[in-house]
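J.: Here it is, the structure in full.
Read the figures in this text as sums done on the coordinates, not as results from a lab. Every value quoted in this text rests on a predicted model; they were computed, and no experiment measured them. Positions of Cβ are backbone-derived with ideal geometry, glycine not excepted, and every protein chain shown enters the neighbour counts.
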Amino acid sequence: MSASAVVAKITFSAGPPDLAGQLALREFLFRAHQQGLPTWITFGKIEFAANILMFIPIGFFGALCLSRFRWLIIPIVIAASATIEFVQSTRLPERVGTPRDVVANTIGAVLGLIMACLLVALVGLMARTRADARADAVLSADANRAVTPAAG
């Protein structure tokens, strides 16, 4: 899965991802707060939201791949996320592993799982609706043949 590869690249890199981008975001927030952006919108909250967004595709595609056991994507993500944070804390000195990231990653996976379940339900509903329409058409055609007298 390419989503997993992207997450691995971001989370296991030696230093924080895109340090220049992080500095630019902090500067942007500082100026935006001066212009009236609510001060509750912080770098930490944006980072938390980014972690959620990063794990939505993993929850979504993982749930689709685990068709009969979709729910298993959640403990898988928790274990993987805890491993990522442990490695960041113990093996990557420039990185900071936190339980907060495990929570954000899990929220993202749960949202992805919910989206996958909704998609599967919608596709199932559409398939049943089409099957019902075809069955109604066959019954209608059979009824018309029974009522119409045979030519000849």
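J.: Sorted by average packing, counted as other Cβ atoms within 10 angstrom per residue and highest first, what order do 17-26, 91-100, 60-69 take? Can you show the working numbers first?
T.: Working: 17-26: 11.4, 91-100: 13.7, 60-69: 15.6.
By packing density, highest mean first, the sequence is 60-69, 91-100, 17-26.
J.: Which helices, taking whole DSSP H runs in the chain, have alpha carbons extending 20 angstrom or more along the helix axis plus mean Kyte-Doolittle at least -0.5? It would help to have the intermediate numbers written out before the result.
T.: Numbers: long enough: 19-34 (23 Å, 0.19); 43-65 (34 Å, 1.55); 73-91 (26 Å, 1.21); 99-147 (72 Å, 0.91).
Span-like helices in the chain: 19-34, 43-65, 73-91, 99-147.
J.: Given a Förster radius of 35 Å and the C-beta distance between Ala20 and Ile114 as r, what FRET efficiency does 1/(1 + (r/R0)^6) yield to the nearest 0.05? Kindly include the intermediate steps, with their values, before the conclusion.
T.: Details: r = 35 Å, r/R0 = 0.99.
About 0.50, to the nearest 0.05.
J.: Length gain on complete extension for the stretch Ser4 to Leu72, per 0.36 nm per residue less the alpha carbon to alpha carbon distance? Numbers along the way, then the final one.
T.: Values: separation 68, 0.36 × 68 = 24.48 nm, distance 1.62 nm.
Separation in residues times 0.36 nm, less the Cα-Cα distance, equals 22.9 nm.
J.: State the extension gain, in nm to one decimal, for the chain segment bounded by Glu94 and Val138, taking 0.36 nm per residue of separation less the distance between their alpha-carbons.
T.: On the way: separation 44, 0.36 × 44 = 15.84 nm, distance 6.77 nm.
9.1 nm is the gain from fully extending Glu94 to Val138.
J.: Shifting gears a bit: Suppose R0 equals 30 Å; then what is the FRET efficiency for Arg128 and Ala79 from their Cβ-Cβ distance, rounded to the nearest 0.05? List each step's numbers first, then the result.
T.: Numbers: r = 36 Å, r/R0 = 1.20.
Computed FRET efficiency for Arg128 and Ala79 comes out at 0.25.
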